[in-house]
Amino acid sequence: MTRLLATLAALIFAFAAHAVEMGDDGLHKTDWMRDTFKDLSEDLAEANDEGKRLLIMFEQRGCIYCTKMHEDVFPTETIASFITENYFVVQLNLHGDVEVTDFDGETLPEKDMARKWGILFTPTMMFIDEQVGDGMSAPQAAVATMPGAFGKGTTLDMLTWVAEKRYELDNGEDFQRYHARRIQERNNGSFD
């Protein structure tokens, strides 16, 4: 009986360790997501003040791919700490009604902003430049957009590529070349 109780306790603890907090909106919540007024110009200013990059993340209730990211990818210590140290994350709901103010000044509910921006998949991560020109919308201000769920390596590589501003380099190493090089380094054991 004691062994059975110990096994049940271990299973409950293991399940709880992998459980992801869900908000009232049905979206996954993490400690690195920011609860803001969803005014992107203000969010960008705050991100810049903290020396971080603004990351807009679209998700939706019941999204199996969002769940995959929140259960298998984001909890990885390397990825979670990289996001915490380098990104100011604002979560938006693909079907939500919370008002969002775009950089161009237009205010719309999340679901209408998603349509305006052409967001079709969840999760979608939109990485915003540190400086946004007058009249630009978020997609115009994005240095990269990552639609869909990806594995740990691809996700970490995208987070790193943006944080290091590799999109500005003239060395011809776009994200795909950078990612291929990082895969090769991992396969050779020269990358953590």
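Scanning the range 117-146 for residues that are among the hydroxyl-bearing types (Ser, Thr, Tyr) and more than 17 Å from the chain's Cα centre (by Cα) turns up just one, 137. Annotation: residue 185 fulfils all but one of (1) assigned to a helix (DSSP H, G or I); (2) at pLDDT 95 or above; (3) of a type outside the set (S, T, N, Q); the unmet one is (2). Test residue 145 against the criterion of being among the polar types (S, T, N, Q), without any contact (Cβ under 8 Å) to a residue 24 or more places away in the chain and crowded, with 16+ Cβ neighbours inside 10 Å, and give yes or no. Against the criterion (among the polar types (S, T, N, Q), without any contact (Cβ under 8 Å) to a residue 24 or more places away in the chain and crowded, with 16+ Cβ neighbours inside 10 Å), residue 145 qualifies. Under the condition of being outside any strand (DSSP E or B) and in contact (Cβ under 8 Å) with a residue 60 or more places away in the chain, the residues counted in the range 98-108 number 3.
Name the residues in the range 62-97 that are outside any helix (DSSP H, G or I), surrounded by 13 or more Cβ atoms within 10 Å (Cβ to Cβ) and of a type in the set (Asp, Glu), would you? Correct list: empty.
Checking the structure you have, find out if any residue of the range 147-168 is assigned to a strand (DSSP E or B) and within 14 Å of the chain's Cα centre (by Cα). Yes, there is a match, as at least one residue in the range 147-168 is assigned to a strand (DSSP E or B) and within 14 Å of the chain's Cα centre (by Cα). If residue 186 satisfies every condition in (1) within 17 Å of the chain's Cα centre (by Cα); (2) within 30 Å of residue 20 (Cα to Cα) but one, which is the exception? Checking residue 186 against (1) within 17 Å of the chain's Cα centre (by Cα); (2) within 30 Å of residue 20 (Cα to Cα), the one that fails is (1).
Kindly list, by first and then second residue, each pair from a residue in the range 73-93 that is among the charged types (D, E, K, R) to a residue that is surrounded by 18 or more Cβ atoms within 10 Å (Cβ to Cβ), limited to pairs with Cβ atoms under 9 Å and residues at least 6 apart or on different chains. These pairs meet every condition: 85/52.
In the set (1) closer than 21 Å to residue 24 by Cβ; (2) in contact with a strand residue (DSSP E or B) (Cβ under 7 Å, 6 or more places away or on another chain); (3) without any contact (Cβ under 8 Å) to a residue 40 or more places away in the chain, residue 116 fails one condition alone, (1).
Would you be able to say whether some residue in the range 59-79 is at pLDDT 95 or above, of a type in the set (Phe, Trp, Tyr) and over 14 Å from residue 40 (Cα atoms)? Yes, that holds for at least one residue.
Yes or no: the range 103-116 includes at least one residue that is within 16 Å of the chain's Cα centre (by Cα) and not β-branched (Val, Ile, Thr). Within the range 103-116 (the criterion being within 16 Å of the chain's Cα centre (by Cα) and not β-branched (Val, Ile, Thr)), the answer is yes, since at least one residue qualifies.
Can you pull out every residue in the range 153-175 that is of a type outside the set (Asp, Glu), surrounded by fewer than 15 Cβ atoms within 10 Å (Cβ to Cβ) and either under 14 Å from residue 53 (Cα atoms) or in contact (Cβ under 8 Å) with a residue 60 or more places away in the chain (or both)? Within the range 153-175, 165 is the sole residue that qualifies.
The values are calculated or read from the model by the stated rules, or taken from the named source; none is laboratory data. Computed from a predicted model, the values in this text were never measured in an experiment. Neighbour counts run over all protein chains shown; Cβ positions are idealised from the backbone, glycine included.
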